[in-house]
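A short worksheet on the structure shown next.
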């Protein structure tokens, strides 16, 4: 099956600034693909080129096999879009907005089922401007779904939302994905990418600098997991022989085992505790995450 | 052109107009109050080219002009500028809605709102002052439609040129207020200083109100150049809109 979105050597320049620099990308049927990077990295420019809002200086794009330059009208019929920093008419009600937007499309999802999917039923008659940020964003996502699109483009769907609303949005996107939709989302929250995305492309200064599953990206660091615990009367040297342990460090908060295979090491650690008669307390593990990946690749924190 | 989308958008925009206290005041309430107030205070016959009608009847064409002006300058221009500034236009742009459908829907919604304002004038005028139209109704309707097209084009032009919604409001006030004063609505232009008179004559509201008044009083329209003047403003508004319209 051909990719839902395919980009080849996309480049876009504004004056001296190369916003998107030779990006090639494939997004496959049914996946949630995350484009992750700091503000100004080129995420929005890239997504808006794919949506047909901006014309690339160089490179080729295919969306559902169609060319945005030639078949823009057909692409618009078949994609759902959540833009950043846009709005709908402030005095329109949620229900009115859905009724309006669905008229623009050939395929129309019944308004009632959308209200249900997004749990917006009790706000159906509320004016858009009166809604909380989370509800406004949910309405905007509902509007992206009115045509039952094959692919969804969500530009920073949770930026500016409080943690609770963010979690609700994650659950919602999970439900939407289960309906077989392909989703391209951008975010500068690594946690969000880790939680939601099947694959993640890390973008910085207009270039994709890494692309893999979240797990694959973390593993690519060769990152070790740290197992920290306290125990009385334990022989640190003996722990060194546990499989996959690379280092044992005795610190303030107890002993730290660095391991390349967390599961095996934990099992053997418990067996060792039984065999040598020591008690493990305050056990926790610390693993590398996408923030560490970004830090390692760029030498910077993602939010600075 | 998607007819269902056109009607739905026009209908929604009409409802949104009706939810705006500002627009309800300027397009529906103010013209009626203006005609009613001055019609009641100066309750005497007005003679216009040897035809006499009461004061409210004399003010009716100007009130229609105010309805059209307010809807175009306060409704159309600020809606357009606000929608651009807040990203509503950009959001619509990623839907299959086309520019002609969008333009027509916005125009249609204002045209329906103007129609409501004019019907209100006739309703109150008829009940309170027994206003009459001595000329031809089809001509009156045609002049109203021509005036709507011209002013909506000018409103769209301001909405397109203005950098922000605030700027659109300021430009609108700078044009709307003096024009109501200078355009033959209640004070004959001949009372103004002679240097100001040509400017008054050239303003788009003057030919519209004059043509409407000629029709209401049933006197011959001698000055067909007024149609040309309106058409000229229609072209100016349309060209500026097409040239300067931006989605974001």
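Quick notes
- Top-ranked residue of the range A:84-123 - restricted to ones that are surrounded by fewer than 17 Cβ atoms within 10 Å (Cβ to Cβ) and either facing chain B (nearest Cβ under 7 Å) or in contact with a strand residue (DSSP E or B) (Cβ under 8 Å, 6 or more places away or on another chain) (or both), ranked as farthest from residue A:50 (Cα to Cα): A:90
- Meets criteria (under 30 Å from residue A:111 (Cα atoms), modelled with pLDDT of 90 or more and either assigned to a loop (DSSP other than H, G, I, E, B) or within 14 Å of chain B (Cβ to nearest Cβ) (or both)) for residue A:173: no
- Selection status of residue A:191, touching a residue at least 40 places away in the same chain (Cβ under 8 Å) and farther than 23 Å from residue A:6 by Cα: yes
- Note on the range A:181-202: residues that are within 15 Å of residue A:26 (Cβ to Cβ) and touching a helix residue (DSSP H, G or I) at 6+ places or on another chain (Cβ under 7 Å) total 4.
- Filter pass, residue B:43 being within 14 Å of chain A (Cβ to nearest Cβ) and modelled with pLDDT under 95: no
- The residues in the range A:89-122 that are outside any helix (DSSP H, G or I) and within 18 Å of residue B:102 (Cα to Cα) can be counted, and the count is 7.
- For the range A:205-230, a residue qualifies if it is touching a residue at least 24 places away in the same chain (Cβ under 8 Å), touching a helix residue (DSSP H, G or I) at 6+ places or on another chain (Cβ under 7 Å) and outside any helix (DSSP H, G or I), and the qualifying residues are A:209, A:210, A:221, A:223, A:225, A:227.
- Index of the failed condition, residue A:81 passing every other in (1) within 11 Å of another protein chain (Cβ to nearest Cβ); (2) over 24 Å from residue B:15 (Cβ atoms); (3) assigned to a loop (DSSP other than H, G, I, E, B): (3)
- The combined condition, being more than 14 Å from every other protein chain (Cβ to nearest Cβ) and either more than 20 Å from the chain's Cα centre (by Cα) or crowded, with 18+ Cβ neighbours inside 10 Å (or both), is fulfilled by residue B:50.
- If you go through the range B:28-48 and keep only what is touching a helix residue (DSSP H, G or I) at 6+ places or on another chain (Cβ under 6 Å) and more than 30 Å from residue B:222 (Cα to Cα), you end up with just B:28.
- Across the range A:67-77, the number of residues qualifying as within 11 Å of another protein chain (Cβ to nearest Cβ) and either over 21 Å from residue A:8 (Cα atoms) or in a loop (DSSP other than H, G, I, E, B) (or both) comes to 2.
- Leading residue by the ranking (farthest from residue A:5 (Cα to Cα)) among those in the range A:39-66 that are part of a loop (DSSP other than H, G, I, E, B) and in contact with a strand residue (DSSP E or B) (Cβ under 7 Å, 6 or more places away or on another chain): A:41
- Scope the range B:17-47; condition out of contact with any strand residue (DSSP E or B) (no Cβ under 9 Å at 6 or more places or on another chain), surrounded by fewer than 19 Cβ atoms within 10 Å (Cβ to Cβ) and farther than 22 Å from residue B:209 by Cα; matching residues: B:18, B:20, B:21, B:22
The values are calculated or read from the model by the stated rules, or taken from the named source; none is laboratory data. Note that the coordinates shown come from a computational prediction; the quantities given were computed from them, not determined experimentally. Counting neighbours? That spans all protein chains shown, and the Cβs are built from the backbone with ideal geometry, glycine included.
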